[in-house]
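Q: Got a structure for you, written out below as structure tokens; questions coming shortly.
Please treat every number below as a calculation from the coordinates, not as lab data. Every value quoted in this text rests on a predicted model; they were computed, and no experiment measured them. Note: ideal-geometry Cβ built from the backbone for every residue, glycine included; neighbour counts use all protein chains shown.
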Amino acid sequence: MRTKQQFGDELRVCRWQLSFALVGVTVLWMLVLPVICDLPWFHSHTALQGAFIVLALVLLAVSYAVVAKILYSRRGLVCPSCGDWMGSQSRMLSTGRCPRCKAEVFHES
Ligand SMILES: [Zn+2]
């Protein structure tokens, strides 16, 4: 099992990668969305345009979550017992335990 130092190092690297990945995902969406909004299909379905924009924003949020989950999983920053990962790494780092199931995520040293 890792030490607190290793967990903290992995978390720092992961957050750095995540910020770049989220910028990348956002830029990708900003490139794709205008293309979709310019399609003849989009202009002929005015009633669906509002729903499409909402759907696009939901998909953007989901893609952020998927990217974050992939990066955290790859670096082993997900609870080995229950799989908790969303926003719990700071508490894991300070306590050494998963905030949800209390499983040990690294050895204090
Ligand atoms: Zn857990």
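Q: How about segment 74-93: which of its residues are under 17 Å from MET1 (Cβ atoms) and polar (S, T, N, Q)?
A: SER81, GLN89 - these are the residues of segment 74-93 that are under 17 Å from MET1 (Cβ atoms) and polar (S, T, N, Q).
Q: Mind counting the residues in segment 51-109 that are farther than 27 Å from THR26 by Cβ, assigned to a loop (DSSP other than H, G, I, E, B) and more than 15 Å from the ligand (Cβ to nearest atom)?
A: 2
Q: Tell me, please, whether a residue that is in contact (Cβ under 8 Å) with a residue 12 or more places away in the chain and not in a helix (DSSP H, G or I) can be found in segment 12-24.
A: No: zero hits.
Q: Write out, first by first residue and then by second, each pair whose Cβ atoms fall under 7 Å of each other, whose residues are 6+ apart or on separate chains, and whose first residue, in segment 54-65, is surrounded by fewer than 11 Cβ atoms within 10 Å (Cβ to Cβ) while the second is of a type in the set (Ser, Thr, Tyr).
A: none
Q: Among the residues of segment 66-89, what is the count of those that are within 10 Å of LEU11 (Cβ to Cβ) and free of Cβ contacts under 8 Å to residues at least 60 places away in the same chain?
A: Result for segment 66-89: 1.
Q: Then there is this: Mind listing whichever residues of segment 35-50 are assigned to a loop (DSSP other than H, G, I, E, B) and surrounded by 12 or more Cβ atoms within 10 Å (Cβ to Cβ)?
A: Answer for segment 35-50, where residues must be assigned to a loop (DSSP other than H, G, I, E, B) and surrounded by 12 or more Cβ atoms within 10 Å (Cβ to Cβ): just HIS45.
Q: Would you mind stating whether VAL78 is within 24 Å of LYS102 (Cα to Cα), surrounded by 13 or more Cβ atoms within 10 Å (Cβ to Cβ) and either within 18 Å of the chain's Cα centre (by Cα) or among the small types (Gly, Ala, Ser) (or both)?
A: Yes; evaluated as a whole, the condition is true for this residue.
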